[in-house]
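Below is one structure, written out as structure tokens, with a few remarks after it.
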Amino acid sequence: MAVSGEIDLFGVLRTIWHRRLLIVAIGGVCALVGAAVAYTITPVYEASTSLRPVALNQLDALNRSEIYSLPPAEALKRVGAALNSYSARLDFFRSRPDLINTFQDEGQSIEQAFEDFNREALGVALADPKKNDVMSDFIGLKMLYEKGVNGAAILNDFVDYAIERERSQLSKDMQIILANRLAEVDKKLNSAVLEYEAGNESRIARLEEADAIKRAQLSDELKALRVQLKLSREARLAKLEEAITVARGLGLKKPSTPSLMADEGSVNGNIIRTEVNGRPVPLYFMGTEVLEAERAALRKRSSDDFVEPRVGQIRKELILLSTNREVQAIKARASEAAFLEGVEALRVERARLQAIDTQLQGLHLVNIDQRAVPSIKPLKPRKALIVLIAFVGGLLLGTVAALLRSAFKDHVRQLRVLEVEGSAHRILPEGLAEQSHIRVGEAQA
């Protein structure tokens, strides 16, 4: 070291070389301390797993149900959200007493122990959202655990728990959507039934009204015909009375003709007459016997219905109208749903919805690309690095100590030289003192 305070590089290197054993010894001691520390730190291991989207055919049955659409990438995001969910992790932590015993210190609550587990043990790695490559879609999950904890099994169980939790939530969503769809279809079917019932009531009312009108018309026609027949019978009786009076006046008892009356005075013989006359023969030529017999028959007649064929036809139609078979058939239908029109598509849709499996058992939401396996080497502490850092630190500490010791000795030596020089000045003359100073300087050099 120079007296002026400037650093003598060669002097420093010479000092380090002379004190190399001390420096190495201090470095070795520090390395031993570092090794002791490294072997006393509890080893921490790391287990990891990765998830990727499933093949499209795994979700084909769900997507073909037409009530829920879930692409593979969206399914992966949903599972990733479940893995990163605070509530999902807390529920899993509460369901595992071994985790609680591992992370819960004395005096800590379960929530406080979970905070340590959630903050230090679990970590999620997501794919870069800027990359659209299919190969970049993945979710990584890591867990740090101490020796004695089966971290790989815990991580795999948590992944299975999150997948099952998301599958259960998806099943509940599908059940709600399916129930809403079925309720909508049932409403449409009920509306169709109500419309059908209203149509039937209207149809029955129209049929019964038409029958009532027809019966009334036929009854009126029947009454009119009977009145007409009665008047015809009375007119016939009046004609018969008049004809009987004329026949008595002419003395006609038997049926006769005008030509016979003209030939009553001629000789009787076998004569055949043919009478052609365009006029009808007057009624009194029938004779009183025939006319009185007809009059008596007409007076005894109680009904004139048999005279007119239309009366019988009307009575037949009235009997037919007394019962409407179409109305009876409509009222006697056991199942009205079988006669609904335009609801075939609704029935098919309802049957299809009822056949959909909402339990989703066996549904693969994600593909577990890599299961977590127990790690052989601990993640930390890195013993070799700790020993190396301790050794290097020891070398630096030894170097500093050697330099400080050398500087201290040089300082003490300089003080002694100054004391010797001061003593020489007091005893020797100036010339001898200068010579002595020169010699001391040469000796010191």
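The values are calculated or read from the model by the stated rules, or taken from the named source; none is laboratory data. On a predicted model such as this, the values are computed, not experimentally measured, just so you know. As a convention, Cβ positions derive from the backbone with ideal geometry for all residues, glycine included, and neighbour counts pool all protein chains shown.
Residues in the range 323-353 that are outside any helix (DSSP H, G or I) and either farther than 30 Å from residue 222 by Cα or free of Cβ contacts under 8 Å to residues at least 12 places away in the same chain (or both): 323, 332, 333, 334, 335, 340, 341, 342, 343. For the range 34-85, a tally of residues being surrounded by 15 or more Cβ atoms within 10 Å (Cβ to Cβ) and assigned to a helix (DSSP H, G or I) returns 15.
Got at least one residue in the range 375-382 being of a type in the set (D, E, K, R), in a helix (DSSP H, G or I) and at pLDDT below 75?
Looking through the range 375-382, none of the residues is of a type in the set (D, E, K, R), in a helix (DSSP H, G or I) and at pLDDT below 75.
Restricting to the range 92-117, count the residues that are outside any loop (DSSP other than H, G, I, E, B) and touching a residue at least 60 places away in the same chain (Cβ under 8 Å). Adding up the residues that qualify gives 1. For the range 188-201, what are the residues that are under 10 Å from residue 346 (Cβ atoms) and charged (D, E, K, R)? Matches in the range 188-201: 188 only. Has the range 67-89 got any residue that is more than 31 Å from the chain's Cα centre (by Cα) and not aromatic (Phe, Trp, Tyr)? No, there is no match, as no residue in the range 67-89 is more than 31 Å from the chain's Cα centre (by Cα) and not aromatic (Phe, Trp, Tyr).
All of 227, 246, 193 fail the test of being of a type in the set (Val, Ile, Thr), in a helix (DSSP H, G or I) and within 30 Å of residue 352 (Cα to Cα), apart from 193.
Every listed requirement among (1) surrounded by 17 or more Cβ atoms within 10 Å (Cβ to Cβ); (2) of a type in the set (Lys, Arg); (3) modelled with pLDDT under 80 is met by residue 20 save one, (1).
Checked against the criteria, residue 213 does not count as surrounded by 12 or more Cβ atoms within 10 Å (Cβ to Cβ) and β-branched (Val, Ile, Thr). Quick check, is residue 401 in a helix (DSSP H, G or I) and either within 60 Å of the chain's Cα centre (by Cα) or among the basic types (Lys, Arg) (or both)? Considered against the rule, which asks whether it is in a helix (DSSP H, G or I) and either within 60 Å of the chain's Cα centre (by Cα) or among the basic types (Lys, Arg) (or both), residue 401 comes out as no.
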